[in-house]
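The values are calculated or read from the model by the stated rules, or taken from the named source; none is laboratory data. Worth saying up front: this structure is predicted, and the values here are computed from it rather than measured. Note: ideal-geometry Cβ built from the backbone for every residue, glycine included; neighbour counts use all protein chains shown. Just the protein is used for accessible areas: all its heavy atoms, side chains included, with ligands, DNA and RNA removed. Shrake-Rupley method; radii C 1.70, N 1.55, O 1.52, S 1.80 Å.
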There are 2 protein chains.
Amino acid sequence: MDHIIELTKQIKSDSFLMANLSGEVRNQALSKIAQALLSNRDQILEANQLDLDRGIDAKLSSPIMKRLKFDDQKLSDVVDGIQSLLSLKDPLWTKLLERELDDQLKLYKVTCPIGVIGVIFESRPDALVQIASLCLKSGNCAILKGGSEAAHTNKVLFEIIHKAGVEAGIPEGFLTLIENRADINELLKCHESIDLLIPRGSNEFVQYIMEHSKIPVMGHADGICHIFADKDADPDKAIPIIVDAKTQYVAACNTVETLLVHRDVAETLLPAVKEALEKKDVIIRGCERTREIISCETSEEKDFETEYLDYIISVKVIDSLEDAIFHINKYGSHHTDSIITENSEAAEKFMLLVDSAGVYQNCSTRFADGFRYGFGAEVGISTGKLHARGPVGLDGLVTYKYKLYGNGQIVADYAEGRSSFKFKDL
Amino acid sequence: MDHIIELTKQIKSDSFLMANLSGEVRNQALSKIAQALLSNRDQILEANQLDLDRGIDAKLSSPIMKRLKFDDQKLSDVVDGIQSLLSLKDPLWTKLLERELDDQLKLYKVTCPIGVIGVIFESRPDALVQIASLCLKSGNCAILKGGSEAAHTNKVLFEIIHKAGVEAGIPEGFLTLIENRADINELLKCHESIDLLIPRGSNEFVQYIMEHSKIPVMGHADGICHIFADKDADPDKAIPIIVDAKTQYVAACNTVETLLVHRDVAETLLPAVKEALEKKDVIIRGCERTREIISCETSEEKDFETEYLDYIISVKVIDSLEDAIFHINKYGSHHTDSIITENSEAAEKFMLLVDSAGVYQNCSTRFADGFRYGFGAEVGISTGKLHARGPVGLDGLVTYKYKLYGNGQIVADYAEGRSSFKFKDL
């Protein structure tokens, strides 16, 4: 425990030095990291083979094995990711406000790094590279804890990135890998040194972190996403979108879990939905009104509160747009919800009143992703409303400070009427 | 307890309706509230007299009595505050990003209300009016709990504002006054209905709230603000700034608690500081090197961690700008810190490396205030780094959502190379 407290204190003090690095230095380091990853290809793939072998022995499921695998394609993807980060504007020191409060009293609101960010992530080793490079680009120190299945790959990736970064002039503390699972509980206590925690994993895990730490947490609970097929839905759009949102990657948080169908289109749409989904081996759990139109399993109330992460979808026939909005706000997880409609008034109402990070019209919920939004990459998706919402890229990794330049001004002069504010935005 | 859970659920459901009100309707309601406050002047002042009488019986201290008083001047101030809010731009539905991901696939990032905000505030009844009007302007529902000393005044102010708001077409749930202190603990459990808590009060109270609720908290712990008189400090600026920052309002969180003096100017500056502060009855607690130059009480390490909120200041002589930055980052509360220097390089370094919400040059720390920043008013000051930092006005009371308009797009087409993203900012 003392070890972790001391370690995070040292990282905190390095974080102040990070604020001192120019965008050019941070970009040069990212370039060197990309080169180092490419030139250490063999070492990375060998380490990954160790993890894969161990995964086979441990009889890991095929989706986990797929996520664990780090091959030439993944290497090329993470290096492309770094290249795209290089081309993005420096997120630091942007002036958000520039205001003359009075003569020779100028206020600036400027973006700056958050400081020290702890990220606990799942078995994908490519996530390590993405998170490390996003944090470096935004001037933050990152403390990472990856999944134990990927321990060998993570260690090698960490060592390559850390060495290249330090050689490029970045402080030692910019990146730290925590290898011991027990150290997570110690990290949770370090609210004086760690500014933000981003847990990526199961809902239970995220809730555990929130309850056991005073450090602010950014993340998502469940991903219970909806598609609402409105009375003005175009079936030619609805069917492919529903199939994509359910089956394109079934274990993702932005996968649809509940389909709401307006009663006016239920009779025509539901048989086509059933046919298309059953081709993909999706099990349908329908409400009573759904089962009057198609044969399927029965849905219960708890289905509407469940993130299946599986080839299962719950279906409910509803009476109106308002009922759909009500259902989504009640049962959803405020992640991403899509309306299929040709009626733009209905779409606007849905987007205004559905209280979710992403509100879509006529497209798949699977678009909720930092890369697909053009952020280069993401550190995660937030279903909270404070600070950052939805896919979190560089913008979510900065905060701001107020700089006030004066020439001897005191508040008493303003409070007692000898001076008055001008408030002129520049 | 059930009462509070049901109440907050009802407020949550009204909060969705708030998002549906135009900026014009919200402004009209604010105008009506201002009128109603003016035309109910007598009733407000009578209620306040009851609180003041009770305060005298309870032997409340003179600063508390001063804060409790709601007279014609305070009435005029809060009405002016509402007028200035009226003139501020609508904080809702601002486009923060507008991006074509592909043909007919447009992403918008737009500001929207947070939802339901709970504010627990101190004895100043004018705070009730400020918070209620900021929340209404930003489309949020507010649940307020004021200090019990001001119970009569708060109740009357609440009733006037609530009646005027509802008459102007705002949903009933836009404003709720909690009168029973025991209900605070029940509020803390309502993380499904309340989106944000803003506790204003002692550090212990804020910490208690943070530890006992899963609701995100925005607020400030201590306000341990510093002034650093650099070697290039102009004494003609330094002395009035130090006096103002310490004595202009001694019980405020942006009042200076520690003065750091560069060794090169200590001999000339400290005697003048002592003379000026002692005229205002400020007690100086100095480090050993300070006491070699002026006679004063002795400071101990714990002084540097103390928010006095009193006519006391700790003084330390230090060797360099770097040492000053180190001291502030170690002992400060990341609120507001000011450097007195004519050297702009030193000022820039101080502003870059001091990890505080406000970093100032040559002016008083007392400027850290929403009104003085031109925000119209503030709901509080945040020393956290997430979401909002420093004085929190309308900008801190909104979040955003992503709206994505498509025409049938599915992710599989992009994942399998049949389509590719264009990422064109509009």
Requested in this report: Would you mind giving the mean number of other chain beta-carbons within 10 Å of the Cβ of each residue in A:240-247, as a whole number?
Outcome: 3
Requested in this report: Mind scanning A:K66/A:K237; A:K403/B:K403; A:K66/B:K401; A:K69/A:K246; B:K137/B:K385; A:K189/A:K385 and naming the pairs with a C-alpha gap bigger than 29 Å?
Outcome: A:K66/A:K237; A:K403/B:K403; A:K66/B:K401
Report task. Could you let me know the centre-to-centre spacing of region A:356-391 and region A:165-205, using Cα atoms, in angstrom? Result -> 23 Å
Query raised in the report: Quick one: label points 7 angstrom along Cα→Cβ at B:E179, distances to the other copies in nm, smallest first?
Result: 6.4
Query raised in the report: If you count, for every residue in A:386-396, the Cβ atoms of partner chains within 10 Å of its Cβ, what is the mean?
Result: 4
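In whole percent, and with a 1.4 Å probe on the protein chains, what portion of the accessible area of the protein assembly as shown is carbon and sulfur? The partial results should precede the final answer.
Numbers: 16510 of 33770 Å².
C and S atoms contribute 49 percent here.
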Query raised in the report: Does region B:225-367 come out rounded, prolate or oblate, given a ≥ b ≥ c as the square roots of the eigenvalues of its C-alpha gyration tensor, rounded meaning a/c under 1.5 and, failing that, prolate meaning a/b above b/c?
Result: rounded
Query raised in the report: Taking the Cα atoms only, what angle lies between the long axis of helix B:41-57 and the longest principal axis of chain B, rounded to 10 degrees?
Result: 50 degrees
Query - region A:321-379 - Debye-derived log10 I(q)/I(0), Cα point model, q = 0.18 Å⁻¹ - result: -0.62
Report summary line: Note: region A:148-190 at 10 °C, 1.306 mPa s; Kirkwood Rh on alpha carbon pairs; Stokes-Einstein D in µm²/s works out to 136 µm²/s
Report task. Mind listing, in residue-number order, the residues in region A:338-363 that have at least 30 Å² less accessible area with every protein chain present than in their own chain alone (1.4 Å probe)? Result -> A:E348, A:M351, A:L352, A:L353, A:D355, A:A357, A:V359, A:Q361, A:N362, A:C363
**Report entry** For region A:75-90, 3J(HN,Hα) per residue [Karplus equation, 6.51 cos²θ - 1.76 cosθ + 1.60, θ = phi - 60°, Hz, x = Gly/Pro]
**Finding:** 4, 5, 5, 5, 5, 4, x, 5, 4, 6, 5, 4, 7, 7, 4, 4
**Report entry** Computed Kirkwood radius, in angstrom, where 1/r is averaged over Cα pairs of region A:284-350
**Finding:** 13.2 Å
Query raised in the report: From largest to smallest, what semi-axes in whole angstrom does region B:303-426 give when each is the square root of 5 times an eigenvalue of its alpha carbon gyration tensor?
Result: 44, 20, 14
Query raised in the report: Rounded if a/c is under 1.5, else prolate if a/b beats b/c, else oblate: with a ≥ b ≥ c from the C-alpha gyration tensor eigenvalues square-rooted, which is region B:1-74?
Result: oblate
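Suppose every Lys and Arg Cβ carries +1 and every Asp and Glu Cβ carries -1, with no other charges. What dipole size does region B:56-173 come out with about its Cα centre, to the nearest 20 debye? Numbers along the way, then the final one.
Working: 15 positive and 16 negative charges, 64 e Å.
Here the size comes out at about 300 debye.
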Report summary line: Given Cβ charges of +1 for Lys and Arg and -1 for Asp and Glu, the option among B:Y249, B:A238, B:I227 whose Cα lies farthest towards the positive end of the dipole of region B:214-255 is B:Y249
Report summary line: Charge dipole of region A:1-147 built from unit charges on the beta carbon (Lys, Arg +1; Asp, Glu -1), centred at mean Cα; most positive-end Cα among A:L105, A:V79, A:A29 is A:L105
Report summary line: Excluding residues fewer than 8 positions from A:K231 in its own chain, the lysines with Cα under 17 Å of it are A:K316, A:K349
Report task. Could you run the Karplus curve 6.51 cos²θ - 1.76 cosθ + 1.60 with θ = phi - 60° over region A:181-192 and give me ³J(HN,Hα) per residue in whole Hz, x for Gly and Pro? Result -> 4, 4, 5, 4, 4, 6, 4, 4, 8, 8, 5, 7
Query - Shortest-first distances to equivalent copies, position A:D53, nm, label 7 Å out along Cβ - result: 8.8
Requested in this report: Determine, for each peptide in A:301-314, B:258-271, the mean count of other beta carbons within 10 angstrom over its residues, then list the peptides with the highest first.
Outcome: B:258-271, A:301-314
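In Å², and per residue, what accessible area does region B:225-367 have when probed at 1.4 Å with the other protein chains present? Please report the intermediate quantities before stating the final value.
On the way: 5360 Å² over 143 residues.
Result: 37 Å² per residue.
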Query raised in the report: Per the Debye formula with a single identical scatterer at each Cα and no solvent contribution, what log10 I(q)/I(0) holds for chain A at q = 0.09, 0.12, 0.13, 0.14 Å⁻¹?
Result: -0.67, -1.03, -1.13, -1.22
Query raised in the report: Along the positive direction of the dipole of the protein assembly as shown (beta-carbon charges: Lys, Arg +1; Asp, Glu -1; about the Cα centre), which of A:A182, B:A388, B:I5 reaches farthest?
Result: B:A388
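Given region A:84-150, what whole percent of its Cα pairs are spread farther than 16 Å? Walk me through the intermediate numbers first.
Values: 1331 of 2211 pairs.
Summing the P(r) of region A:84-150 above 16 Å gives 60 percent of all pairs.
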Requested in this report: Taking H placed 1.01 Å from N in the peptide plane, check which residues at least 5 places from A:V317 or on another chain put their amide H under 5 Å from its amide H.
Outcome: A:V261, A:C287, A:R289, A:T290
**Report entry** 222 nm mean residue ellipticity, helices alone, for the protein assembly as shown (DSSP H n ≥ 4; -39,500 (n - 2.57); rounded to 500)
**Finding:** -13000 deg cm²/dmol
Report summary line: quick note, chain A, DSSP beta bridge pairs, % antiparallel (nearest 5) is 35 percent
Requested in this report: Note the angle between two axes, namely the Cα long axis of helix A:344-353 and the longest principal axis of the Cα atoms of chain A, as a number of degrees from 0 to 90, rounded to the nearest 10.
Outcome: 60 degrees
Query - Semi-axis lengths (Å, descending) of the ellipsoid that matches the C-alpha gyration tensor of region B:143-242 - result: 37, 20, 14
**Report entry** Other copies of B:S148: label-to-label distances in nm, shortest first, labels 7 Å along the beta-carbon direction
**Finding:** 5.1
Report summary line: Under Stokes-Einstein, the protein assembly as shown at 20 °C and 1.002 mPa s, with its Kirkwood radius over C-alpha pairs, diffuses with a coefficient in µm²/s of 74 µm²/s
Report summary line: Nearest 10, in degrees from 0 to 90: the angle of helix B:23-39 to the longest Cα principal axis of chain B is 60 degrees
Report task. Shielding by partners for B:410-417, please: the mean number of other protein chain Cβ atoms within 10 Å of each residue's Cβ. Result -> 6
Query - Residue and distance (whole Å) for the chain B Cβ nearest the axis that superposes B on A - result: B:H387, 2
Query raised in the report: Which residues of region B:89-129 show a drop of at least 20 Å² in accessible area when all protein chains are present, compared with their chain alone (probe radius 1.4 Å, heavy atoms only, ligands and nucleic acids excluded)?
Result: B:W93, B:R99, B:L101, B:L107, B:K109, B:I114
